[in-house]
1. If we scan the stretch 265-282, do we find a residue that is acidic (Asp, Glu) and surrounded by 11 or more Cβ atoms within 10 Å (Cβ to Cβ)?
2. Looking for whichever is surrounded by 10 or more Cβ atoms within 10 Å (Cβ to Cβ), at pLDDT 80 or above and among the basic types (Lys, Arg) here; the options are Lys4, Lys28. Which one fits?
3. Does Ala90 meet the test of being part of a helix (DSSP H, G or I), at pLDDT below 70 and surrounded by 15 or more Cβ atoms within 10 Å (Cβ to Cβ)?
4. Give the residue that is farthest from the chain's Cα centre (by Cα), with candidates limited to residues of the stretch 208-243 that are farther than 18 Å from Ile142 by Cβ and aliphatic (A, V, I, L, M).
5. Would you point out the residue of the stretch 147-174, among those that are touching a Gly at 6+ places or on another chain (Cβ under 9 Å) and in a strand (DSSP E or B), that is nearest to Gly237 (Cα to Cα)?
6. Report, by residue number, each residue of the stretch 1-39 that is over 30 Å from Phe99 (Cβ atoms) and among the aromatic types (Phe, Trp, Tyr).
7. Looking at Lys211, Lys270, which is the one that is charged (D, E, K, R) and touching a helix residue (DSSP H, G or I) at 6+ places or on another chain (Cβ under 8 Å)?
8. Of all residues in the stretch 105-152, how many are at pLDDT 90 or above and of a type in the set (Asp, Glu)?
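The values are calculated or read from the model by the stated rules, or taken from the named source; none is laboratory data. Predicted model only: the values in this text are computed from it and were never measured. In this analysis, Cβ positions are derived from the backbone assuming ideal geometry, glycine residues included, and neighbour counts consider all displayed protein chains.
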Amino acid sequence: EFAKGTEGSTANITPSFTQFSNSPIIIKDKYSISGSDTAQIGWVEVATEAGTSGFLWYLKAEGETRLRFEDYLEMSVVEGELADAAGGFATNQALVPGFSATINGKGTEGLFAAIEDRGNVYTNADSGGTGAGSGIAEFDVILKQLDTQGAIEENMLFLDRDTNLAFDDMLANISSGSNGGTAYGLFENSEEMALNLGFSGFRRGSYDFYKTDWKYLNDISTRGGMDDIDGVLIPAGTSTVYDQILGSNIRRPFLHVRYRASQADDRRMKSWITGSVGGAATSDLDAMEVHFLSERCLCVQAANNFVLFTSSPVV
């Protein structure tokens, strides 16, 4: 309020903003086979992870190297960590080609690290508590936290097997007709047909949730044997951000991968052959070398709307 006959306001409101950034990392791999081995033909009948089958030769090993490299690309943006001055990489970076005591590695912030730093972490959430409403009451705590953030209506739940089943139990416990297993299912729950005792989605409050198993958390070769992360909640849709390179506003998914690219070079996924074997004639090396390279990072926009479910405090 201002008194009569006074001058205008002398106060000035200056908006502030917080800028987040992430650094791409360079990932490399290589497959090599000598000229002598390529000339010693030995056909093997195989079935690859890519779904192909038949009789292959050394290309079988090259294909597996490519698949392993693609796994590295995905895991790097999920498990990536920024290099800590006191961490293991900083201590041993001199052993990595290209780094030294004066050339430091920066690392990259992956999905889990971004949520731990800027998002919401819930430990030992009892979503499958026994008794009607016991699990949903704890889940409502998460909803109230989302209300204080962006309150994004549609969200995806990527869960491990135990947590996914716990959500099914939670939803079954609050279903008024679930006694006898007839409140939900397949083929109208006919007694002569199969029952579908799972839920693919639900609505609570003003939010829609769609859930699915995340193989990465179940497979024993990845995180299936670690039992420290139970799942993640990721908002669906897009948000508008300003792109400094393009100089304009663009719409991007809340979770997306950025990579270095220009008219001269696209580093999203590069592959080339060197040596003097297998059709290549780039050097006098009596071998064929297949090189793989990518330079990328993960962008987690509005991380305050993400939720990480853990079984124990993440170290």
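1. Within the stretch 265-282 (the criterion being acidic (Asp, Glu) and surrounded by 11 or more Cβ atoms within 10 Å (Cβ to Cβ)), the answer is yes, since at least one residue qualifies.
2. Details: Lys4 fails: surrounded by 10 or more Cβ atoms within 10 Å (Cβ to Cβ).
After applying the criteria, what remains is Lys28.
3. yes
4. Here the residue is Val241.
5. Glu154
6. Phe2, Phe17, listed by residue number.
7. Lys211
8. 4
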